[in-house]
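In what follows, a single structure is set out as structure tokens and then discussed.
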Amino acid sequence: MTVFADFGSTWSKIIDGSVKIVKTKEVPGEIIADFACGHNAEKRSKRYVNELIALSEGGLRLINEKDFLLVDVGSRDIKYVLYRDGRFVETGWNQECGASQGFAIELLEMYYNIDCNRLEPPENGYPVTCGLIGISRIFDEIIKTGDEENALAKFVKGIAMNVYHFTGKPEKMYLSGGLCENRLFIESIPCEVVPLGRFVLVEGLKEIYKKGFC
Amino acid sequence: MKVGFVGHPPNDIIEKYRSEELIDLDNDLGQVEEKSDLYLPKISCSVIKRVFNNSLAFRPQKIIFDVGEGKCDSGRFLSWILKDLFNIDIIETRNQNRKGSGTIICDSRLPLREKFDLILNNIIDNKDYELEREPHPSAGFWSVPCWDTRIFDLFPEGTRIFGWTRCFENGTPDDLEIECYVEKDIPTVFYAQTFCSKNLLAKNLARVYRGLYVDCDGRLTTSVKAQIEAFLYLRGTSG
């Protein structure tokens with residue numbers, strides 16, 4: 001049995017006969033994937049694969065179009081690949097300025113006990129380029145208005161706009177990662193968004209396995 | 001006598017000091033005390049910080065400082081700071097040479113790291129090289145000399161060098177035409193130090209030539225490394 005794993009900073013997506021999503025801190029130490037990408041993947045796998053290459057291969061496997069932009073919004077970063085006429089054109093990985101944005105949404109939902117899927121996207125968001133700075137904006141807003149839901153919605157809108165700008169203001173994007181399950185985030189991006197779920201990189205690893213390792 | 005230099009000063013001035021101990025202050029000269037945080041803004045590029053730190057650590061008797069368009073405004077201002085605030089004897093130069101000496105190292109089959117070493121040492125250890133040209137380079141690298149040289153190891157042998165480093169080898173550091181020369185069929189990474197104005201060129205040349213634009217503040221980050229690896233792989237370049 002071949003084990004594929006995308007070890008995210010906070011969540012790991014693993015296919016080892018079954019399909020699992022587990023907190024990265026709770027992944028048993030004895031799990032060594034055959035093919036893996038992500039956080040600490042060099043130490044937890046026999047074959048480490050660059051995340052952008054896994055994303056790219058996952059996109060080619062799942063998207064039946066020659067032109068596409070595929071964006072992965074992780075716990076702490078934003079990555080994308082752009083294809084035109086079936087050929088790779090561009091890639092980007094915003095690790096520093098995209099710091100902890102996905103993780104911040106998750107933390108805030110838990111702390112305030114708010115389900116983002118119930119919220120409507122606001123017209124404007126905060127100018128958020130970093131999760132930590134964004135959190136301080138939320139606290140300021142709540143002190144001012146007492147409206148936790150509106151503050152969180154503005155934060156999510158800000159992150160959505162940051163993703164949109166970072167990827168070059170596209171007309172359409174395919175989305176990968178945990179935020180595919182966040183309706184507020186998806187509807188806050190001002191273009192067509194097609195969510196592909198959390199296993200895009202793992203699908204990419206499977207493709208690389210089929211083709212022979214890169 | 002220790003004589004430092006910054007950028008690529010004109011050859012005739014370097015020749016005057018050839019018998020002295022020449023020190024390239026742009027280069028990594030080993031670990032030195034970092035005083036730049038005290039005197040320079042945080043948004044100074046890593047190479048400018050390095051020049052400052054090296055200058056104070058090695059205290060050359062003179063520094064030949066190229067302050068023309070072949071370096072940058074930050075360099076020009078740093079020259080003034082070292083001269084007026086730190087009492088270092090500065091010889092300011094503006095290298096406007098247009099008699100190119102060729103780019104045999106940039107175009108050779110050597111590994112990228114070796115190319116940079118030869119080019120950057122060629123002012124101190126001036127030699128003519130006979131190197132075989134790589135006719136079909138699988139990658140290109142447009143850049144200034146990088147603060148973190150680990151970036152060179154990401155590229156295949158024979159990677160062609162473009163940008164200011166090409167101007168440097170040619171002995172024409174302010175020749176914008178050569179700086180913007182790129183071969184369109186070679187997948188090229190356009191690299192600039194964060195906070196360097198060459199980012200303007202890097203981003204736009206990358207757009208025009210379908211290359212990868214990256215900037216890095218000092219140390220090579222995981223994301224920049226991954227982007228370069230992925231770009232070279234996805235554009236069919238073997239590493």
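The values are calculated or read from the model by the stated rules, or taken from the named source; none is laboratory data. Keep in mind that this is a model prediction, so the values were computed, not measured. Using ideal geometry, Cβ is built from the backbone for each residue, glycine included, and neighbour counts are taken over all protein chains shown.
Answer yes if at least one residue in region B:210-228 is among the hydroxyl-bearing types (Ser, Thr, Tyr), closer than 18 Å to B:LEU154 by Cβ and part of a helix (DSSP H, G or I), and no otherwise.
Yes, region B:210-228 contains at least one residue that is among the hydroxyl-bearing types (Ser, Thr, Tyr), closer than 18 Å to B:LEU154 by Cβ and part of a helix (DSSP H, G or I).
Could you please tell me which pairs satisfy a Cβ distance under 7 Å, a separation of 6+ or placement on different chains, a first residue in region A:70-81 that is touching a residue at least 40 places away in the same chain (Cβ under 8 Å) and more than 10 Å from every other protein chain (Cβ to nearest Cβ), and a second residue that is assigned to a strand (DSSP E or B) and among the basic types (Lys, Arg)?
Between residues of region A:70-81 that are touching a residue at least 40 places away in the same chain (Cβ under 8 Å) and more than 10 Å from every other protein chain (Cβ to nearest Cβ) and residues that are assigned to a strand (DSSP E or B) and among the basic types (Lys, Arg), the close pairs are A:ASP72/A:LYS79.
Are any residues in region A:199-212 within 18 Å of A:MET173 (Cβ to Cβ) and either at pLDDT below 95 or not in a loop (DSSP other than H, G, I, E, B) (or both), and if so, which ones?
Answer for region A:199-212, where residues must be within 18 Å of A:MET173 (Cβ to Cβ) and either at pLDDT below 95 or not in a loop (DSSP other than H, G, I, E, B) (or both): A:VAL200, A:LEU201, A:GLU203, A:GLY204.
Could you grab the pairs with beta carbons closer than 8 Å, sequence gap of 6+ or different chains, first residue in region A:115-135 and within 18 Å of A:PHE103 (Cβ to Cβ), second one part of a loop (DSSP other than H, G, I, E, B) and among the hydroxyl-bearing types (Ser, Thr, Tyr)?
Going by the 8 Å Cβ cut-off, the qualifying pairs are A:CYS130/A:SER100; A:GLY131/A:SER100; A:LEU132/A:SER100; A:GLY134/A:TYR126.
Give the number of residues within region A:102-131 that are in contact with a helix residue (DSSP H, G or I) (Cβ under 7 Å, 6 or more places away or on another chain) and outside any loop (DSSP other than H, G, I, E, B).
Going through region A:102-131 one residue at a time, the tally reaches 10.
Whether any residue in region B:197-204 is within 14 Å of the chain's Cα centre (by Cα), outside any loop (DSSP other than H, G, I, E, B) and within 12 Å of chain A (Cβ to nearest Cβ) is what I want to check.
no
Can you tell which of B:PHE190, B:PHE168 is farther than 24 Å from A:ALA41 by Cβ and either free of Cβ contacts under 8 Å to residues at least 60 places away in the same chain or more than 15 Å from the chain's Cα centre (by Cα) (or both)?
On inspection, the qualifying residue turns out to be B:PHE190.
Restricting to region B:1-23, count the residues that are of a type outside the set (Val, Ile, Thr), in contact (Cβ under 8 Å) with a residue 40 or more places away in the chain and not in a loop (DSSP other than H, G, I, E, B).
5
Just the residues that are more than 7 Å from chain A (Cβ to nearest Cβ) and among the basic types (Lys, Arg), please, taken from region B:206-239.
B:ARG207, B:ARG219, B:LYS225
Would you point out which residue out of A:LEU196, A:LEU175 is under 17 Å from A:GLN101 (Cβ atoms) and either without any contact (Cβ under 8 Å) to a residue 24 or more places away in the chain or away from chain B (no Cβ under 14 Å) (or both)?
Within the list A:LEU196, A:LEU175, the selection yields A:LEU175.
For residues that are part of a loop (DSSP other than H, G, I, E, B) and under 18 Å from the mean Cα position of the chain (by Cα), tally how many sit in region B:118-140.
Here the count works out to 5.
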